[in-house]
1. In the list 613, 638, 617, 607, which residue meets the criterion of being aliphatic (A, V, I, L, M), in the same structural domain as residue 420 (by TED's automatic domain parsing) and closer than 29 Å to residue 400 by Cα?
2. Could we say that residue 478 is within 16 Å of the ligand (Cβ to nearest atom) and at pLDDT below 95 here?
3. Just for the stretch 32-52: of the residues that are surrounded by fewer than 18 Cβ atoms within 10 Å (Cβ to Cβ) and in contact (Cβ under 8 Å) with a residue 12 or more places away in the chain, which one is nearest to residue 120 (Cα to Cα)?
4. Counting just the residues of the stretch 348-397 that are polar (S, T, N, Q) and in contact with a Phe, Trp or Tyr (Cβ under 7 Å, 6 or more places away or on another chain), which one comes out nearest to the ligand (Cβ to nearest atom)?
5. State whether the residues of the stretch 179-189 include one that is free of Cβ contacts under 8 Å to residues at least 24 places away in the same chain and charged (D, E, K, R).
6. Could you run through the stretch 496-521 and say how many residues are away from the ligand (no atom under 13 Å from the Cβ) and either at pLDDT below 95 or part of a helix (DSSP H, G or I) (or both)?
7. If a residue has to be within 10 Å of residue 53 (Cβ to Cβ) and either assigned to a loop (DSSP other than H, G, I, E, B) or in contact with a helix residue (DSSP H, G or I) (Cβ under 8 Å, 6 or more places away or on another chain) (or both) to count, how many in the stretch 107-117 make the cut?
8. Only residues that are crowded, with 24+ Cβ neighbours inside 10 Å and away from the ligand (no atom under 16 Å from the Cβ): list them for the stretch 242-274, please.
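The values are calculated or read from the model by the stated rules, or taken from the named source; none is laboratory data. Since the structure is predicted, the reported quantities are computational estimates derived from the model, not experimental observations. Cβ placement follows ideal geometry from the backbone for every residue including glycine, while neighbour counts extend to all protein chains displayed.
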Amino acid sequence: MTFKSIDYSGPVGKSLVRKSGREKVTGAATFTAEHQPDKMLHAVAVTSNIARGKIKSIDTRAAKNLPGVRAILLPDNVPSFKRIKTFNDSGMKHSLASNVFPAAETEIFYAGQYVAAVIADTFETARDAALLVKVTYDTQSHVTNIDNAPANERPESLMGAPAVITKGEDAQQAWQASTVKVDADYRLYGNHHNPIEPHATIAHFGKKNGKPFLTVYDTTQSLAPGQATYAALFDLAPEQVQVICPYVGGAFGSKGAMWPQSVLACLCAKLVDVPVKLVATRQQMYGGTGHRSPFRQRVALGADKDGNIQSIIHSGIASTSRKDVYNEAFTMATRMMYRTESLHLEQSRCRLDTQLPTFMRAPPETPGLYALEATVDELATELAMDPIELRIKNEPEVDQHTGKPFSSRLLVDCLRQGAERFGWRNRSAKPRSQKDGHWLIGMGVASATYPHNVFPTQVDVTLNENGTADIACCTQELGTGTRTAQSQLAADMLGLPIKKVNMRLGDTALPPGGISGGSATTASVGGAIRNAVEKLKEQLLTLAQQQDEFKNASLDDIHFVQGAVTDGQTRLPMEDLLEQAGKPNLTARGSFKGPEEQKYSAHSYGATFVEVAVDEALGLVRVRRMLGCYACGTILNARTGRSQFIGGMVMGLGHALQEATHWDHRYGRITNDNLAEYHIPVNADVPDIDVMWIDTPDFNASPIGAKGIGEIGITGVAAAVSNAIYNATGKRLRQLPITPEMVM
Ligand code: MOS
């Protein structure tokens, strides 16, 4: 074991209502754009309506004449800032997404680029004036279509691995020599995140203790990285910057990096020297805040006649922007999903005149695993094998790329137990053989996976003399229930009831946490809490020994039980210990960086089952039932955990059947940049969703036994839906989303 196991006996695993739920539904939760600092002005951005070229002139006369307009931020009056490196180029030292700076460039890199901003007394005036700003351009030819861009770049590295990975003999030859083989090409549209809370920033350059001080209300998944980024941008020490965000109204990766509207709000605030609020419109979020790249992928699988996979080839293209780099490692899961003698993974990159792609809902498994798991289904058909049995037959003993053992896997359990509960045995392997009236019925399955990530995190845990405990960490509440789940964890380890534990987060004044991305928050914050609790034990043991208690006890003997510290014999109430020591409270700073040395290949796993009904005459696909069975180590809260899996699965439905960013490539602009035309699942699209999990902690992966659950739900869905449509209709549809005209 990498970490010593914990026997949870308190609130961990209980189905508790999230603390932020009531705050949100009663309106007590204050979101970023709802803050109202004194003297605040409103800024509205002016965006480029061409995809590539140069600004020729900006005519602000009409805008300036509007009563209530205070200033117009333009390339020639932009306050000073440093052109720091992006997160990709700085090794994640900063969270800055892009080196295209708002209102500071005369060159245009994508439609929707912020070229100016109007600052006014009211939002309405600023918006009105922004429409009056007239920008003229020298237009250059652009490419926004992935099929028209040369894929002539190799990513430098893909999540710590090279862009080309080869194992064993020549995979193409091995594939050629295989008895049974499949080779499939996949096309995936790009996607946009569409959180309901738009990207918003309120910035103020003021003073604190006589020194310049920047306060930023920001909707973000990256508070502490944001603080470092603002500091670097504006030449301040991190202590001269405070970023605040107690609630996030949806993000899905789009608030992981710092997008231009945050920088623009700061530049406006610096220009007018009072607080300025800037909220991106829905349209501006399409141009401005990142998206999932479109993809072209190929997966080829070769097997012997018994279904032993002999060759896996996974290759393809993702896009990045003209100026900046984001690499989505869509071949990553293929490194370790199946046992194979020969493996060849190869990614290339093309440049498009668009905003930079970014993390979106389980990157890179969502696009990559779709292609892999749909092809595995094709292989099962060629072999006339059950697709679950084919997967189990090719279960690897070790990670095929690193050779490391798995921290735990339990994928076979997920497939078997999920199949049992879903009623997989009622499936007919023959396409078009199950009907319900004019509907063709089909079942599909796919594996799900997501890597176990952690980010360095620090936490203060405080024991108070009234018998309560406080947790403080600058992590983010994405809406997933972090405050509740981490309070459960701390309560369990401290032997306290859940109502005695409170958590503060969402403020850089608290000990630094990492980005809430990569499904990393639970294990990262939890690891730091465990460390803090262990330090508290040491302090309490010392206190007790000063009073001649626990004289012969070692740290291992000390436990927290029902508000008391015990060595197994003597029981000392924590309040009494603090009182005797003359201390009102006791705080320990815990930290967690991840294991010193990565001995294991650590991932969450799952199996996704889908039943579809297809009306070929109308091209309709109705998902009737879904089941996800997951193995993600300890689940801290059964209710919020279940919600996260369901949320991921619903996003998977969107990815499979609805979500697509459409372009008019003649103009290099997005045509469905709104929630009316960018289709996402609504209640009528979402069937009964059944969720179950294998309740086995993974202390090889994490000090609290938990692995990530936030994103894995989405990863198997598109392939399971596609495989179910094949089972219903006999059609292999190798494109996402699968739309009516493809089904007809
Ligand atoms: Mo997640 S897409 O890493 O926020």
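1. From the options 613, 638, 617, 607, the qualifying one is 607.
2. Yes.
3. 40
4. Residue satisfying both the conditions and the ranking: 358.
5. The answer is no, given that none of the residues of the stretch 179-189 is free of Cβ contacts under 8 Å to residues at least 24 places away in the same chain and charged (D, E, K, R).
6. Matching residues across the stretch 496-521 total 3.
7. Result for the stretch 107-117: 1.
8. Selection gives 243, 260, 261, 262, 263, 264, 265, 266, 267, 268, 269.
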